[in-house]
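Trainee: Structure incoming, see below.
Just so you know, all these numbers are worked out from the coordinates, no wet-lab data involved. As the structure is a prediction and not an experimental result, all values here were calculated from the model. No Cβ is skipped: glycine too gets one built from the backbone with ideal geometry, and neighbour counts run over all protein chains shown.
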Ligand SMILES: Nc1ncnc2c1ncn2[C@@H]1O[C@H](COP(=O)(O)OP(=O)(O)O)[C@@H](O)[C@H]1O
Ligand SMILES: CC(=O)N[C@@H](CCC(=O)OP(=O)(O)O)C(=O)O
């Protein structure tokens with residue numbers, strides 16, 4: 001007699017079947033950032049999830065941040081990290097550090113993916129001229145070498161996917177004069193997802209999703225229409241790093257990315273739960289068409 005434990009495992013696999021079919025050969029962009037990057041155990045779990053997505057036939061692309069690690073190194077060399085509206089003020093020395101730290105984080109992720117049996121290639125937005133930027137200002141203030149993405153040249157990404165590599169991208173780009181710029185990782189993930197017509201864009205962060213009031217756990221929003229999201233922003237409910245994130249979610253949905261999700265990277269396997277089960281997790285940002293689609297599934 002087969003024990004119930006094994007039958008339950010088989011049930012879980014069967015439940016995943018329609019989702020595997022729906023996403024087969026489809027591109028999923030995963031923005032990986034926040035505290036979930038600092039804990040080595042959590043990092044391993046996130047990467048295991050991405051590797052599993054790849055091995056069952058999805059085409060994942062990781063775009064990672066590393067803001068907390070950059071700030072740690074900025075502090076180590078005796079400088080003070082400074083942000084304006086969630087963007088790091090980036091002078092020449094800071095830019096050098098940003099590129100060094102993100103490249104180190106990138107290669108650690110490449111090693112982890114490789115150790116789990118999937119071929120990965122780590123690149124920055126400079127490689128293949130992928131992220132072309134102009135200098136960004138914030139409310140008229142000069143914030144140094146911070147880039148606003150002007151154009152995404154996704155050829156290098158398509159080439160890597162074509163050859164079955166998992167692309168791992170860090171958010172540093174160049175302007176027309178080949179100067180190096182620091183880019184917010186949420187901006188980079190959103191721009192890449194739009195350019196490659198991703199089926200899904202998932203932001204793994206350090207909170208369970210979007211709250212109406214972050215101090216009240218009962219106000220977590222499971223489904224948020226873009227017009228409601230805009231209203232929340234307008235009414236001042238969204239602050240800190242959630243502001244650029246949610247703006248990027250709205251932008252991605254409006255520009256044709258089918259599914260956009262904000263997920264808690266601190267919860268082990270939150271991405272797998274969201275993709276492969278009927279439960280859902282975090283906050284789904286929805287347009288009307290997608291809302292209808294979700295309802296049809298219920
Ligand atoms: N309404 C809100 N709902 C959820 N998080 C919010 C909200 N307003 C502000 N935040 C803050 O935004 C943070 C997420 O942004 P951030 O720390 O920049 O993430 P990441 O480093 O993953 O890009 C949360 O930890 C939370 O402190
Ligand atoms: C311009 C700007 O602010 N760039 C970010 C790039 C890294 C990032 O975005 O990391 P997280 O996603 O982990 O926050 C920074 O220097 O921190």
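Trainee: Suppose R0 equals 45 Å. What FRET efficiency, 1/(1 + (r/R0)^6) with r the Cβ-Cβ distance, do residue 258 and residue 79 give to the nearest 0.05?
Mentor: Working: r = 42 Å, r/R0 = 0.93.
Approximately 0.60, to the nearest 0.05.
Trainee: Can you give the Kirkwood hydrodynamic radius of the chain from its Cα pairs, in Å with one decimal?
Mentor: Numbers: mean 1/r = 0.0507 Å⁻¹.
This gives a value of 19.7 Å.
Trainee: Here's something else I'd like to know. Counting only C-alpha contacts under 8 Å and six or more residues apart, can you give the relative contact order of the chain as a whole percent?
Mentor: Working: 555 pairs, mean separation 62.4, N = 298.
Relative contact order comes out at 21 percent.
Trainee: Over the stretch 49-95, how many percent of alpha carbon pairs lie in each 10 Å bin up to the one with the longest distance?
Mentor: Per 10 Å bin, starting at 0, the Cα pair percentages come out as 22, 35, 16, 23, 4.
Trainee: Is the C-alpha gyration tensor of the stretch 138-294 telling us rounded, prolate or oblate? Criteria: a/c under 1.5 is rounded; beyond that, a/b larger than b/c is prolate, otherwise oblate. Mind showing how you got there, number by number?
Mentor: Working: a/c = 1.82, a/b = 1.26, b/c = 1.44.
It is oblate, given that a/c is not under 1.5 and a/b is not larger than b/c.
Trainee: For every helix of n ≥ 4 consecutive DSSP H residues, a contribution of -39,500 (n - 2.57) applies; sum these over the chain, divide by its total residues, and give [θ] at 222 nm rounded to the nearest 500 deg cm²/dmol.
Mentor: Numbers: 10 runs with 128 residues, N = 298.
Value at 222 nm, helices only, nearest 500: -13500 deg cm²/dmol.
Trainee: Mind jotting down the distance between the C-alpha centroids of the stretch 120-185 and the stretch 3-65, whole Å?
Mentor: So the two Cα centres are separated by 25 Å.
Trainee: Shape verdict for the stretch 1-137, please, from the Cα gyration tensor: rounded (a/c under 1.5), prolate (a/b greater than b/c) or oblate. Can you show the working numbers first?
Mentor: Values: a/c = 2.74, a/b = 2.08, b/c = 1.32.
Prolate, because a/c is 1.5 or more and a/b exceeds b/c.
Trainee: Right, next: Taking the chain as the reference, fit the longest principal axis to its C-alpha atoms, fit the long axis of helix 185-195 to the helix C-alpha atoms, and give the angle between the two in degrees, 0 to 90, nearest 10.
Mentor: 60
Trainee: What distance in nm lies between label points placed 7 Å from Cα along the C-beta direction at residue 104 and residue 233?
Mentor: Reported label-point gap for residue 104 and residue 233 is 3.4 nm.
Trainee: Let me ask something else about it. For residue 72 and residue 206, compute 0.36 nm times the residue count separating them, minus their Cα-Cα distance, and round to one decimal in nm. Kindly include the intermediate steps, with their values, before the conclusion.
Mentor: Working: separation 134, 0.36 × 134 = 48.24 nm, distance 1.74 nm.
My answer for the length gained is 46.5 nm.
Trainee: For the stretch 206-249, would you read off the P(r) tail past 14 Å as a percentage of all alpha carbon pairs? Let's see the in-between values first.
Mentor: Working: 400 of 946 pairs.
Across the stretch 206-249, Cα pairs with separations above 14 Å total 42 percent.
Trainee: Just to confirm the number: angle between the C-alpha axis of helix 242-254 and the first principal axis of the chain, 0 to 90 degrees, nearest 10?
Mentor: 70
Trainee: Oh, and also: Helix 4-23: angle to the longest alpha-carbon principal axis of the chain, degrees 0 to 90, nearest 10?
Mentor: Value to nearest ten degrees: 60.
Trainee: Just want the ordering: 158, 32, from fewest to most Cβ atoms lying within 10 Å of their own Cβ. Mind showing how you got there, number by number?
Mentor: Values: 158 14, 32 26.
Listing 158, 32 from fewest to most nearby Cβ atoms yields 158, 32.
Trainee: Among 60, 167, 81, which one shows the highest mean-square fluctuation when the chain is modelled as a Gaussian network with alpha-carbon springs under 10 Å?
Mentor: Of 60, 167, 81, the most mobile in the Gaussian network model is 81.
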